[in-house]
Amino acid sequence: MNAKHLMVIACTLFGHWISAQNYKGQVLHHTNNTPVKEAHILLNNKAIGYSDAEGFFEVSIPEKGATLTISHLGFQSIDKFITPRKDVESFYLIEAPISISGVIVSGDSKMDPVFTVETNDYVKKIVQPRNVADLFNDVNGFALIKRGNYANDPSFRASQYEQLNVQFDGGTKAMHACPNRMDPITTHVIPEEIEKIEIIKGPYTVRYGSTFGGIVNMVTQVPDASDYGLHGSVHAGYESNGGSLVSMARLQQATEKYDLTGNIGFRDFGNYEDGDGTEVPSSFRSLDYGLKAGYNFTPNQRLQAHWRQSFGRDVLHAGLPMDTDLDDSSILSLDYKLTGLNGTLKTMDAKLYYSYVDHIMSNTNRPSFMMTDAVSKINATTAGGKIEFQLKPSEEFTLFTGLDAMHIARDGERTRLVKRNMMGPLETPVEFIDKVWQNSYINDLGIFAEGKYMLSANTILTAGLRYDLVTSEIKDPEADFAALYPDLDKRNEHNVSGTVSLKYAPSTLFIMELAYGRGVRSANMIERVINHFTVGQDAYEYIGNPNLDAEVNNQFEIGFSGKLPFSENSNDRFNYSSSFYYSYYENYIVAVIDETQTRKFMPTNEPKNPKVFRNLDEAYKTGFEISAGIDFLNDFNFTTELAYVYAKNKDLNESLPLVPPLTTSFKFGFEKERFWVNATYRITSKQDDISSSFGETSTPGYEVLDLRLGVVPFKNLTLGVAALNVFDETYHNHLNFSFNNQADFGRTPINDPGRNLSAFVQYKF
């Protein structure tokens, strides 16, 4: 292992426990003086802990003082500059109208799922606007599956696509229409609209839909009580590598009774160059807008509607056989929440959503156009909903129960006009119609129950059980597909998943978590119904299998996290976290070369035999994420992170596909309220543990340095600049697709951008 990686592990052994406190406070309800427990305590915008059952908290602050922030769901936040004192200071929280922000991680350590990660404040951390998928770059354990500059998918711990439960605002989904995933869910919302991203690292909750490898929840911005009145913001950004421009405007009006929010954004990205100066076809344009309206019937009852549309045009995909001419999506969601009920029933949440994606792709700008003019017009509909009840039969026990449903339907066709064959041009071009999705659908109806029991004041036991009825049907099969699978009837699957976990938090300075989750995922539509289309990272045709068994992930995990204060006179401290996991897979779905089948389209081309999706009998995955860092001299911080995953296909005695290599990052920063600067140095190891059956090749390691700087010259104005890939490294990640059907390119992996300078400006009013 590289010596640089060992520095990360060595850091976790560093630190000592100093727990002196010089400030005490109590959080109380402003109307009845009752204690408010689990209030979130921050010092100088850094999370410290929570108030206890009696509303008390203790913190260490410098002699010169610090800015204290107290927040709690359903209350207005408090910000106050404090100095050391001997007596207990009281803080009174005022109720605020509830807002439906679609959060999973609420800041309540006893209610939040285990192994959660929350990231936010992208203005400071990223400095340049990017696609939503790029927001995962700074999250330990994540990698990107790159097809160009637009259609990128997040991968976490070698789980990707539908193995990850990716959603907006606690449940809203928009499934892609393109079988090549030119339009994943991350393309249907602009990054400036995302307030934070919440991640559950495994199948450790049953409340948010069927979950196999983890949950990714992208939370959009919602006004709270501090935003009453008319407010807004404008964003603009520029990237030198590709001459890319981005912009967004946001306007909102909020009162105690209602709130209205609107936003619009435009992105125009050009082809970028890699470190060798090679231009990568990756340009695109997109226009997005959204409208959100909320009404508070009472202080504890709210209805919210959210409508958004996205329009993609002229999108070039360097790693795919065609380009996107048009990609339009529409998403509507309705949320209702009722809280503060008396009796056993405490809260009710309800959600409905609908999305429609219209997608057109062609090969007009590709070499294959000389022989065949191909255009695909396809669409996808996703609809669903959820209703959940929170019950509290006793002080120690809380139960969440309800049901959810999701419907996915896809249809469309590819028109091929064959203009010439191997013998030369045809006198009369021949037209063929190919069924892309064969008019198919998948329905998932789920029922769940998840309980949390306080074994003690410091120990929480969570257990959940979920049942999913999955119904699928291919309504208009192609003749050869029907011949391959003669029993194409409507199919029902019965999936049972569950979880049990233990969280031990003796103080705000230490948390230990232990969990087991059984995540079950039925095959997605590509794996079921695709018929001789090239949908992978290679040149093979792929054939679906409607008889696939559901994948099962039996995942075990243990983790530790905490803070070690250095002294009572400063905010300096040592921070650490670690997670170690092992997954045993049942019926893992992979595409395997089938020598009994032959290529359907362009039959003289290699490879001759297509891949067919199959279930594996034996496969497993193991790995870890470790981070350690220090906050020092009040405003400086240094963090180092390491992520590693190892996956094995025991049936074929090779790695599972799409496994990222060992990755380490070193982050150094200086941060004050109106000025910040940081540097990130990433080391990615060589990946030679590959899946030969998947067509993978070894990927060399690389090192990349990014620099970012931001300043608030005066109130409400933020300026930022960045230098990305400072040393102009030529590199590609192991998960990058290869060039496909591109003039002057062979089937070599797509390189990432070379040096890129960017500028960012944001103004709020």
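Shown for the chain: the carbon plus sulfur share of the solvent-accessible area, taken with all protein chains present and a 1.4 angstrom probe, equals 58%.
Note that the range 139-148 has calculated 3J(HN,Hα) couplings of 9, 4, x, 9, 9, 10, 8, 10, 10, x Hz, one per residue in order, obtained from phi through the Karplus relation 6.51 cos²θ - 1.76 cosθ + 1.60 (θ = phi - 60°); glycine and proline are x. Shown here is the pair-distance distribution of the range 630-676: with all Cα-Cα distances grouped in 10 Å bins from zero up to the longest one, the shares run 21, 28, 19, 16, 12, 3 percent.
Assuming 0.36 nm per residue, please report the length gained on full extension of the stretch PHE632 to ASP594 beyond their Cα-Cα distance. Provide the component values of the computation, followed by the final result.
Details: separation 38, 0.36 × 38 = 13.68 nm, distance 5.85 nm.
In short, 7.8 nm is gained.
I'd like the distance between the alpha-carbon centres of the range 485-547 and the range 397-470, rounded to an integer number of Å. Spelled out, the Cα-based centre of one part sits 10 Å from the other.
Annotation: amide H-H contacts under 5 Å for SER282 (H modelled 1.01 Å from N, sequence separation of 5 or more, or interchain): ASN271, TYR272.
Let a ≥ b ≥ c be the square roots of the eigenvalues of the Cα gyration tensor of the range 203-277; is it rounded (a/c under 1.5), or, if not, prolate (a/b larger than b/c) or oblate? Working shown, then result.
Values: a/c = 3.97, a/b = 1.20, b/c = 3.32.
Cα axes put the range 203-277 in the oblate bin.
Across all Cα atoms of the range 645-744, the radius of gyration (one decimal) and Dmax (whole number) stand at 19.2, 62 Å.
Ignoring everything except DSSP H segments at least 4 long, calculate the 222 nm mean residue ellipticity for the chain; use -39,500 (n - 2.57) per segment, divide by total residues, nearest 500. Each step should come with its number before you reach the end.
Details: 4 runs with 25 residues, N = 765.
Theoretical 222 nm ellipticity from helices: -1000 deg cm²/dmol.
Taking Cβ atoms as reference points and 9 Å as the exclusive limit, the residues near ALA643 contribute a net charge of -1, counting Lys and Arg as +1 and Asp and Glu as -1. Peptide packing: for 748-758, 685-695, the average count of neighbouring Cβ atoms within 10 Å per residue gives the ranking 748-758, 685-695, highest mean first.
Under 8 Å for C-alpha pairs, at least 6 residues apart: give me the relative contact order for the range 250-344, rounded to a whole percent.
On the way: 202 pairs, mean separation 21.2, N = 95.
It comes to 22 percent, rounded to a whole number.
Here the relative contact order of the chain, from alpha carbon pairs under 8 Å that lie six or more residues apart, stands at 11 percent. Projecting the Cα atoms of ALA482, TYR50, LEU287 onto the charge dipole of the chain (Cβ charges, centred on the Cα centre) puts TYR50 farthest toward the positive pole.
Summarising the label geometry, the points placed 7 Å from Cα in the beta-carbon direction at PHE560 and GLU256 lie 5.0 nm from one another. Where in the range 568-624 are there trypsin sites (Lys or Arg not before Pro) that are in a DSSP coil and have at most 14 other Cβ atoms within 10 angstrom of their Cβ? Answer in residue order: LYS608. Comparing Cα centroids, the range 577-623 and the range 156-184 end up 19 angstrom apart. Taking amide H as placed 1.01 Å from N in the peptide plane, the amide H of ASN741 sits under 5 Å from none that are at least 5 places away or on another chain. Once you order the gyration tensor axes a ≥ b ≥ c over the Cα atoms, which shape class does the range 428-574 get: rounded for a/c under 1.5, otherwise prolate or oblate by comparing a/b with b/c? It comes out prolate by the Cα gyration axes.
Using the crude model of +1 on Lys and Arg Cβ and -1 on Asp and Glu Cβ, and no other charge, please compute the dipole size for the range 156-255 relative to its Cα centre, in debye to 20.
Working: 7 positive and 10 negative charges, 77 e Å.
Once rounded to the nearest 20, the dipole reads 380 debye.
At 1.4 Å probe size, with every protein chain present, just tell me what the per residue accessible area of the range 665-758 comes to in Å².
On the way: 4340 Å² over 94 residues.
Per residue, the range 665-758 has an accessible area of 46 Å².
Two decimals is fine: what's Rg over Rh for the range 124-251, C-alpha atoms, Kirkwood radius as Rh?
On the way: Rg = 15.6 Å, Rh = 16.0 Å.
On the Cα set of the range 124-251, Rg over Rh gives 0.98.
At most 15 other Cβ atoms within 10 Å plus a DSSP loop assignment makes a site exposed; report the longest stretch of the chain without any exposed GluC sites (Glu not before Pro). Intermediate values should be presented prior to the final figure.
Working: sites that count: GLU54, GLU63, GLU256, GLU395, GLU396, GLU595, GLU618, GLU673.
That would be 397-594.
For the range 558-660, divide the Cα radius of gyration by the Kirkwood radius and give the resulting Rg/Rh value with two decimals. Please list the in-between numbers first.
On the way: Rg = 23.3 Å, Rh = 17.8 Å.
Answer for the range 558-660: 1.31.
Averaging Cα coordinates gives a centre for the range 654-690 and one for the range 223-255; these two points are 29 Å apart. The residues of the range 364-487 expose on average 49 square angstrom of accessible surface per residue, using a 1.4 Å probe on protein heavy atoms. Rounded to the nearest 20 debye, the dipole size of the range 347-429 about its Cα centre is 620 debye, using +1 on the Cβ of Lys and Arg and -1 on the Cβ of Asp and Glu.
Between SER244 and GLU239, GLY270, the built amide H atoms are under 5 Å apart, and every one of these is 5 or more places off in sequence or on another chain. Applied to the range 609-621, the Karplus parametrisation 6.51 cos²θ - 1.76 cosθ + 1.60 on θ = phi - 60° returns per-residue 3J(HN,Hα) values of 9, x, 9, 10, 6, 9, 9, 8, 7, 9, 7, 8, 8 Hz, with x for Gly and Pro.
Using the Cβ-Cβ distance between THR697 and THR344 with R0 = 45 Å, the FRET efficiency computed as 1/(1 + (r/R0)^6) comes to roughly 0.15. If only the Cβ of Lys and Arg carry +1 and only the Cβ of Asp and Glu carry -1, the dipole of the range 640-765 around its Cα centre is close to 640 debye. With 22 Å as the limit on Cα-Cα distance, the pairs of LYS490/LYS608; LYS386/LYS452; LYS611/LYS650; LYS37/LYS715 that go past it are LYS490/LYS608; LYS37/LYS715. Antiparallel as a % of all DSSP beta bridges within the chain, to the nearest 5? Percentage antiparallel, nearest 5: 95.
Enter the accessible area per residue of the range 261-357 (Å², integer; probe 1.4 Å; all protein chains in place).
Numbers: 3720 Å² over 97 residues.
Heavy-atom accessible area per residue stands at 38 Å².
When we measure straight from the Cα of LYS667, which lysines land under 23 angstrom away, once same-chain ones fewer than 8 places off are left out? Within the straight-line limit of under 23 Å, LYS667 reaches these lysines: LYS4, LYS46, LYS124, LYS125, LYS196, LYS201, LYS563, LYS686. Among the trypsin sites (Lys or Arg not before Pro) in the range 412-512, those located in a DSSP loop and surrounded by at most 12 other Cβ atoms within 10 Å of their own Cβ are LYS490.
Take ASN32 and VAL88, extend 7 Å from each Cα along the Cα→Cβ direction, and tell me the distance between the two endpoints in nm. About 1.9 nm separates the two model spin labels.
The values are calculated or read from the model by the stated rules, or taken from the named source; none is laboratory data. Predicted, not measured: the structure shown is a model, and the values here were computed from it. Backbone-built Cβ (ideal geometry, glycine too); neighbour counts: all protein chains shown. Only protein heavy atoms, including side chains, enter the accessible area calculation; ligands, DNA and RNA are left aside. Shrake-Rupley method; radii C 1.70, N 1.55, O 1.52, S 1.80 Å.
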